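A.B. asks: One structure, pasted below without further comment.
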Amino acid sequence: MRSYAIGDIHGHLDLLKRAHERIAKDIAQHGPAPVVHLGDLEDRGPDSRGVIDWLKTGMERGEDWVVLKGNHDRLFTQFIHDPWWADPALSNPYNWLHPAVGGAETLRSYGIRAAGDRPIDPVHREAVDRVDPAHLAFLESRPTSLRRGDVFFVHAGIRPGIALEDQAEDDLVWIRKGFLDDNRDHGPLIVHGHTALDQARHYGNRVNIDSSAAYGGPLTAIAIDGREVFLLTDLGRVPLRPESA
């Protein structure tokens with residue numbers, strides 16, 4: 001069974017389109033397969049609105065794409081519902097509009113200026129007025145994981161020792177400690193993002209493809225055949241092998 005996956009996008013529509021171009025070239029050689037996006041469509045980058053609309057429109061026209069929910073997707077939609085809601089996994093003094101989180105850049109893409117420098121209540125009123133409700137509905141309806149064959153796709157990771165079907169959303173979109181440092185076999189290969197690296201890495205039991213697009217890095221796209229993983233480059237496939245191998 002073959003699948004494709006794309007890491008954390010963070011508002012970079014240009015990088016997303018180029019990742020899909022690399023996937024299209026691979027599909028032309030190997031045949032069609034679903035493309036799984038690992039979440040965090042928005043925040044920090046310049047065109048979150050464009051990313052959400054491009055993916056939503058593509059899926060509506062029948063593209064074989066899956067978009068999973070990331071922590072930033074949840075932060076965005078929850079802010080619209082309640083700007084004072086505190087995500088249990090987000091430490092003080094951070095909130096969605098904090099510069100380190102990047103919500104102000106998302107709102108800028110919807111025409112809302114200086115969201116991080118003004119009182120929250122008027123910013124929230126503008127957001128309710130300007131953010132497309134269809135975009136919010138799209139984000140809220142995203143699944144938190146996908147199992148395909150011997151691969152489990154998720155934004156952040158899993159809580160080791162808990163059955164995949166019993167995983168909590170907070171872990172699926174936020175976990176680091178307890179997952180990144182766990183070397184046990186989780187059953188399927190876990191393909192995730194969330195924790196930014198300088199490049200995609202294969203750890204044997206998991207593959208992290210968040211290559212820091214949010215911070216000026218590339219956006220990684222991979223092909224997975226069974227449990228074999230290949231980076232997709234402009235020149236074609238490059239095997240991504242477990243680091244212990």
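A.B. asks: With just the Cα atoms defining each centre, how far is the stretch 152-189 from the stretch 78-114? Give it in Å.
C.D. replies: Measuring centre to centre over Cα atoms gives 25 Å.
A.B. asks: To the nearest 500 deg cm²/dmol, what mean residue ellipticity at 222 nm is calculated for the chain from DSSP H runs of n ≥ 4 alone, each contributing -39,500 (n - 2.57), summed and divided by the residues?
C.D. replies: Computed ellipticity for the chain at 222 nm equals -9000 deg cm²/dmol.
A.B. asks: Please give the FRET efficiency for ARG201 paired with ASP129, using the beta carbon to beta carbon distance and R0 = 41 Å, rounded to the nearest 0.05. List each step's numbers first, then the result.
C.D. replies: Details: r = 42 Å, r/R0 = 1.03.
Efficiency computed from Cβ-Cβ geometry: 0.45.
A.B. asks: Straight-line reach from LYS25: which aspartates and glutamates fall under 19 Å, measuring Cα to Cα and dropping same-chain residues less than 8 apart?
C.D. replies: Here the aspartates and glutamates satisfying the reach criterion relative to LYS25 are ASP14, GLU63, ASP64, ASP225, GLU228, ASP234.
A.B. asks: Run down the lysines and flag those whose C-alpha is under 29 Å from the C-alpha of LYS177, throwing out any fewer than 8 positions away in its chain.
C.D. replies: The qualifying lysines are LYS69.
A.B. asks: Per-residue HN-Hα couplings for the stretch 192-198, Karplus 6.51 cos²θ - 1.76 cosθ + 1.60 at θ = phi - 60°, whole Hz, x for Gly and Pro?
C.D. replies: Per-residue couplings from phi come out as 8, x, 6, 9, 5, 10, 7 Hz.
A.B. asks: I need the shape label for the stretch 193-236. Rule: rounded when a/c is under 1.5, else prolate if a/b > b/c, else oblate, with a, b, c from the alpha carbon gyration tensor.
C.D. replies: Here the stretch 193-236 falls in the oblate category.
A.B. asks: Continuing with this model, one more query. Starting at the first residue of the stretch 181-189, write each ³J(HN,Hα) from the Karplus equation 6.51 cos²θ - 1.76 cosθ + 1.60 with θ = phi - 60°, in whole Hz, x for Gly and Pro.
C.D. replies: With coefficients 6.51, -1.76 and 1.60, one gets 9, 9, 9, 6, 6, 8, x, x, 5 Hz.
A.B. asks: Could I ask something else about it? So which residue, out of ALA137, ALA214, ALA223, gets the largest mean-square fluctuation from a GNM of the chain using Cα contacts under 10 Å as springs?
C.D. replies: Its mean-square fluctuation being the largest, the pick is ALA137.
A.B. asks: Now a separate question. Going highest first, how would you order 25-38, 2-15 by mean Cβ packing within 10 Å?
C.D. replies: Packing order, densest peptide first, comes out as 2-15, 25-38.
A.B. asks: Counting just the Cα atoms, what span does the chain cover along each of its three principal axes? Round to the nearest Å and put the largest first.
C.D. replies: Extents along the principal axes: 53, 39, 29 Å.
A.B. asks: Which whole number in µm²/s is D for the stretch 108-245 by Stokes-Einstein, with the Kirkwood Rh taken over Cα pairs at 37 °C and 0.692 mPa s?
C.D. replies: Taking Rh from Cα pairs, D becomes 191 µm²/s.
A.B. asks: Could you tell me what fraction of 2.2 N^0.38 Å the Cα radius of gyration of the stretch 18-115 comes to, as a two-decimal ratio? Intermediate values should be presented prior to the final figure.
C.D. replies: Working: Rg = 15.8 Å, N = 98, 2.2 N^0.38 = 12.6 Å.
This ratio for the stretch 18-115 stands at 1.26.
A.B. asks: Then there's this: Can you list residues whose amide H is under 5 Å from ILE190's amide H, if they're 5+ apart or on another chain and H is modeled 1.01 Å from N?
C.D. replies: Amide H neighbours of ILE190, under 5 Å, 5+ apart: PHE152, ARG206, VAL207.
A.B. asks: Find how much the distance from GLU21 to MET59 grows on full extension, using 0.36 nm per residue of separation minus their present alpha carbon separation; answer in nm with one decimal.
C.D. replies: 12.0 nm is the gain from fully extending GLU21 to MET59.
A.B. asks: Moving to a separate point now. Pop a pseudo-label 7 angstrom from the Cα along the beta-carbon direction at both ASP182 and GLN29 and give the gap in nm to one decimal.
C.D. replies: 3.5
A.B. asks: Each residue of the stretch 75-91 in order: what ³J(HN,Hα) in whole Hz does its phi give by Karplus 6.51 cos²θ - 1.76 cosθ + 1.60, θ = phi - 60°, with x for Gly and Pro?
C.D. replies: Karplus values, whole Hz, x for Gly and Pro: 4, 4, 5, 5, 4, 5, 6, 7, x, 9, 5, 10, 5, x, 9, 9, 6.
A.B. asks: Could you give the length gained on full extension between HIS98 and ARG113, defined as 0.36 nm per residue of separation minus the Cα-Cα distance, in nm?
C.D. replies: 4.0 nm
A.B. asks: Looking only at the chain, where both bridge partners belong to it, what percent of the DSSP beta bridges are antiparallel (to the nearest 5)?
C.D. replies: Taking every DSSP beta bridge with both residues in the chain, the antiparallel ones total about 60 percent.
All of the numbers you see were taken from the coordinates with simple rules; none came from a lab. Quantities reported herein were computed from a predicted structural model and do not represent experimental measurements. Counting neighbours? That spans all protein chains shown, and the Cβs are built from the backbone with ideal geometry, glycine included.
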